[in-house]
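Just below is one structure, and these are the notes that go with it.
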Amino acid sequence: MPPGAHVERADFVAGAASSAAGDPWAVKRSLGRCWGSAVLSFGLWQFFWFHNYRNLLDGEMGERRDDALLHTFGLLVPILNYFIIYWLWRDLDILRRRVGLPEFPVGLYVVGAVFLAPLSYSFANERLNEYWDVRSQGHATDAPVTTGEKIFIGIGIGLFLLYLAFIVLALALAITESSSS
């Protein structure tokens with residue numbers, strides 16, 4: 001069964017090899033890709049990352065939840081964002097233990113997200129990739145770059161260019177103002 005679809009372990013083992021059409025196990029993202037996309041998008045790509053993995057983990061949990069978009073927007077709300085991050089890491093920990101992986105220190109990662117967010121997300125991304133490797137019995141591969149990712153990166157680049165234009169304009173106005181006085 002593809003990621004995001006809750007199945008019992010025996011059903012998964014029986015059907016894992018038959019998932020080649022469209023490669024539903026293309027779910028992993030490398031650390032370099034995550035960092036590069038985050039930098040290129042001026043930080044916006046992390047919302048794409050969060051929404052994507054919240055959807056997949058919700059499906060893996062098998063609770064029929066459909067609140068990934070609400071959780072993603074909730075990341076913008078102070079204090080609530082730490083609860084939302086905790087819920088994602090908690091679910092990852094539960095899923096990792098279901099497949100026999102070691103416990104994921106949820107509280108430590110949430111504290112890390114407060115003080116060292118890029119490192120916390122980097123470590124969590126590696127824990128996600130470990131989970132997909134075990135869950136898929138080695139069939140998990142890198143996710144293709146999607147149109148959504150390209151849009152987030154494009155918007156981020158556009159915002160960064162606007163930011164640079166604003167700085168150049170402010171400097172030009174400051175130089176013009178100082179030379180006229």
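Rule-based calculations on the coordinates, nothing more; no lab input. What you are looking at is a predicted structure, and each value in this text was computed from that prediction instead of being measured.
With equal scatterers on the alpha carbons only and no solvent term, can you work out the Debye log10 of I(q)/I(0) for the stretch 81-181 at 0.14, 0.24 1/Å?
Per q value, in the given order, log10 I(q)/I(0) is -0.74, -1.17.
Given only helices, namely DSSP H runs of n ≥ 4 each adding -39500 (n - 2.57), what is the per-residue ellipticity at 222 nm of the chain, to the nearest 500 deg cm²/dmol?
Calculated from helices alone, the mean residue ellipticity at 222 nm is -22500 deg cm²/dmol.
Above 25 Å lies some portion of the pair distances; for the chain, what is it as a whole percent of all C-alpha pairs?
41 percent
Taking amide H atoms as placed 1.01 Å from N in the peptide plane, list the residues 5 or more away in sequence, or in a different chain, whose amide H sits under 5 Å from that of THR141.
Long-range HN contacts for THR141: ALA26, VAL27, LYS28.
Given an 8 Å cut-off on Cα distances and at least 6 residues of separation, report the relative contact order of the chain as a percent.
30 percent
Where the centre of each part is set by its Cα atoms, how far does the stretch 120-137 sit from the stretch 93-115, in angstrom?
11 Å
So how much slack lies between VAL114 and PHE166, counting 0.36 nm per residue of separation and subtracting their Cα-Cα distance, in nm?
15.8 nm
Relative to the longest principal axis of the chain, what angle (0 to 90°, nearest 10) does the C-alpha long axis of helix 106-115 take?
In the chain, helix 106-115 runs at an angle near 10 degrees to the longest axis.
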